[in-house]
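Enquirer: Mind having a look at this structure? Questions to follow.
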Amino acid sequence: MTQQQRWTAEQIPDQTKRVFVVTGANSGLGLATTRALVRRGGHVILAVRDEEKGRRAVAEIAAEQPGARLEVRHIDLADIDSVRAFAHQLRADHPRLDVLVNNAGVMAPPRSLSAQGHELQFASNHLGHFALTGLLLDLLADGNDPRVVTVSSTNHRQGRLFFDDLAGERTYSPMAFYNQSKFANAVFGQELHRRLSEVGSPVRSVLAHPGYAATNLQTSAPVGMVKLLFGRILTPFAQSPDQGALPQLYAATDPDVEGGQFIGPDGLGELRGGPTRVQLSPAAADAGTGRRLWELSEQLTDVRFAFRPPSSCA
């Protein structure tokens, strides 16, 4: 595919009447995703930890696009109680949801624990999104071309699940636990696809990754050499957030996308370029690993997915 043929945000179909939830929508890839969706008529709910930053993002977008349909709602993905509160209020205000973009993330911070005692990256990047998806699944089943887009990373290929030390009590490496969380995203997205397919659900589970994009992910949490490398030294080689958001926008809106696909950049090493289908690592696609992570995630979040059969999804 030549650069002239690459898919761009200008090719997003009309999204009028579609409702989106985008986590981490106040900056970086989430903000770029939100801006592109409302430009095509989408109604976007910005699910953010910092509501003031969310309101500033809404004001910025509204100044560019008068009439943009936007909401700001608080969620702390590292706190399952906050995820439940977000889902409860959303259900009270919206009868359906068309697309959930599990975008928010934290990268390589010093070791810390969530409100429920889980390692912060595993809690924020995986457990919070697992719980949110499960709590909103019935709203998605009533949606128009409903999709769950979970954002992973090329780093999932270096990741594995530390089932015997999930909280990093014995050994903690910021990047190793970041890779674990991105691996968990990939495993979750694929296992969700399996389970949706088994019941014939209309909801599609799609994975995406941005390649290497310059966002505050590389500067807000990392310390030491990780922050220096990703936040400064390699920044000149990074894509813009608008470019990095294209794979998740494609996954969320393109009519030809199928459940179970993984969308990433088409350039060298999947670091940059236009969106295309890329390969999930064999380890992340393993069904046994998917079942084990799913069961563990249910235990840690106390969220069970209600998969509706086709007859009740009509």
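Just so you know, all these numbers are worked out from the coordinates, no wet-lab data involved. All of these numbers come straight from a predicted model, not from anything done at the bench. Every residue, glycine among them, receives a Cβ derived from its backbone with ideal geometry; neighbour counts consider all protein chains shown.
Enquirer: Mind sorting His118, His209 by how few other Cβ atoms lie within 10 Å of their own Cβ, fewest first?
Expert: Starting with the residue having the fewest Cβ neighbours, the order is His118, His209.
Enquirer: Is it possible to state the helix-based mean residue ellipticity at 222 nm for the chain, with each DSSP H run of 4+ residues giving -39500 (n - 2.57), the sum divided by total residues, to the nearest 500 deg cm²/dmol? What is it?
Expert: Mean residue ellipticity at 222 nm (helix-derived): -11500 deg cm²/dmol.
Enquirer: Tell me, Tyr178, Tyr212, Tyr172 in order of fewest to most beta-carbon neighbours within 10 Å?
Expert: Tyr172, Tyr212, Tyr178
Enquirer: Does the chain come out rounded, prolate or oblate, given a ≥ b ≥ c as the square roots of the eigenvalues of its C-alpha gyration tensor, rounded meaning a/c under 1.5 and, failing that, prolate meaning a/b above b/c?
Expert: Rounded.
Enquirer: So, one more: Relative contact order for the stretch 13-302: what is it in percent, counting Cα pairs under 8 Å that are at least 6 residues apart? The partial results should precede the final answer.
Expert: Numbers: 610 pairs, mean separation 51.1, N = 290.
Taking the mean separation of contacting Cα pairs over the length of the stretch 13-302, I get 18 percent.
Enquirer: Around Pro146, under 10 Å between beta carbons, what's the net of Lys plus Arg minus Asp minus Glu among the other residues?
Expert: Net charge in that neighbourhood comes out at +1.
Enquirer: Could you point to the residue in Gln299, Gly159, Val199 farthest towards the positive end of the chain's charge dipole, with +1 and -1 charges on the Cβ of Lys/Arg and Asp/Glu respectively?
Expert: Ranked along the dipole, the leading option is Gly159.
Enquirer: Along the stretch 39-55, what does the Karplus equation 6.51 cos²θ - 1.76 cosθ + 1.60 (θ = phi - 60°) give for ³J(HN,Hα), rounded to whole Hz, x for Gly and Pro?
Expert: Whole-Hz 3J(HN,Hα) from phi for the stretch 39-55: 4, 9, x, x, 9, 10, 9, 7, 9, 9, 7, 9, 5, 5, 5, x, 5.
Enquirer: Among Gly54, Gly168, Ala87, which residue has its Cα positioned farthest towards the positive end of the charge dipole of the stretch 13-302, with +1 placed on the Cβ of Lys and Arg, -1 on the Cβ of Asp and Glu, and the dipole taken about the Cα centre?
Expert: So the residue furthest toward the plus end is Gly54.
Enquirer: Could I ask something else about it? With only Lys, Arg, Asp and Glu charged, each at its Cβ (+1 for the first two, -1 for the last two), find how big the charge dipole of the stretch 13-302 is about the Cα centre; round to the nearest 20 debye.
Expert: 520 debye
Enquirer: Going by how many other beta carbons lie within 10 Å of each one, how would you line up Thr276, Thr8, Thr253, fewest first?
Expert: In increasing order of surrounding Cβ atoms, one gets Thr8, Thr276, Thr253.
Enquirer: Still on this structure: I want the local charge near Asp254. Using Cβ-Cβ distances under 15 Å, sum +1 for each Lys or Arg and -1 for each Asp or Glu among the other residues.
Expert: Taking every Cβ under 15 Å from that of Asp254, the sum is -1.
Enquirer: Moving on. Once a ≥ b ≥ c are taken as the square roots of the eigenvalues of the Cα gyration tensor of the stretch 29-147, is the result rounded (a/c under 1.5), prolate (a/b larger than b/c) or oblate (a/b not larger than b/c)? Spell out each step's value before the answer.
Expert: Values: a/c = 2.03, a/b = 1.34, b/c = 1.52.
Since a/c reaches 1.5 but b/c is at least a/b, the shape of the stretch 29-147 is classed as oblate.
Enquirer: If r is the Cβ-Cβ distance from Arg111 to Ala63 and R0 is 41 Å, what FRET efficiency results, to the nearest 0.05?
Expert: The value I calculate is 0.55.
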